[in-house]
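Here's the structure we're looking at; comments come further down.
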Amino acid sequence: MDNPCSGYLISSGHTRLWADAGSGTPAQLQRYARLDEVDAIWISHLHADHSADLLTAYYAALYADLRLAAPIPLYGPPGIAERLAHYLTNGPRRSPTSASASFGR
């Protein structure tokens, strides 16, 4: 996908922050860093074009060939945990797998 929604990789020294996870951004992110090389994910606001691929990242952290040293911290506005839970369950009830707002095993 050549034109993903909003998503940026911000790097400084050895620190990598994935800012916004719009649809299509994980594929572009992988051109520069693997998910297990990302230190944190930050979502600017809860519109889907900035957060829809949180679900993709969540499942990649669980099932892809990655070695996460620790869960990837997820930062965002109030309601970010509920948004992720909604993606995971397709409803407002939180899934047991979404008990934390971090990705990883």
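Cβ separations smaller than 6 Å between residues 6+ apart or across chains give the following pairs from region 75-89 residues that are closer than 17 Å to T56 by Cβ to residues that are among the basic types (K, R): A85/R94.
Test Y8 against the criterion of being over 22 Å from A70 (Cβ atoms) and not basic (K, R), and give yes or no. Yes; evaluated as a whole, the condition is true for this residue.
Comparison of A19, A99 shows that the only residue that is out of contact with any Asp or Glu (no Cβ under 9 Å at 6 or more places or on another chain), of a type in the set (G, A, S) and either surrounded by 13 or more Cβ atoms within 10 Å (Cβ to Cβ) or modelled with pLDDT of 90 or more (or both) is A19.
The set of residues in region 33-61 that are assigned to a loop (DSSP other than H, G, I, E, B) and out of contact with any helix residue (DSSP H, G or I) (no Cβ under 9 Å at 6 or more places or on another chain) comprises A33, R34, D39, H47. When we screen Y63, Y58 for residues that are within 17 Å of P26 (Cα to Cα) and touching a Leu at 6+ places or on another chain (Cβ under 9 Å), the only hit is Y58. Against the definition (crowded, with 16+ Cβ neighbours inside 10 Å and at pLDDT 85 or above), how does L74 come out, yes or no? So L74 passes the test. The single condition among (1) among the hydroxyl-bearing types (S, T, Y); (2) at pLDDT below 90; (3) surrounded by 14 or more Cβ atoms within 10 Å (Cβ to Cβ) that Y8 does not satisfy is (2). Which condition number in (1) at pLDDT below 85; (2) surrounded by 13 or more Cβ atoms within 10 Å (Cβ to Cβ) is the one that I43 fails? So I43 meets the others, but not (1). Within region 8-32, being in a loop (DSSP other than H, G, I, E, B), within 17 Å of P73 (Cβ to Cβ) and out of contact with any strand residue (DSSP E or B) (no Cβ under 7 Å at 6 or more places or on another chain) holds for one residue alone: H14.
The values are calculated or read from the model by the stated rules, or taken from the named source; none is laboratory data. None of the values given here were measured: they were computed from a predicted structure. Backbone-built Cβ (ideal geometry, glycine too); neighbour counts: all protein chains shown.
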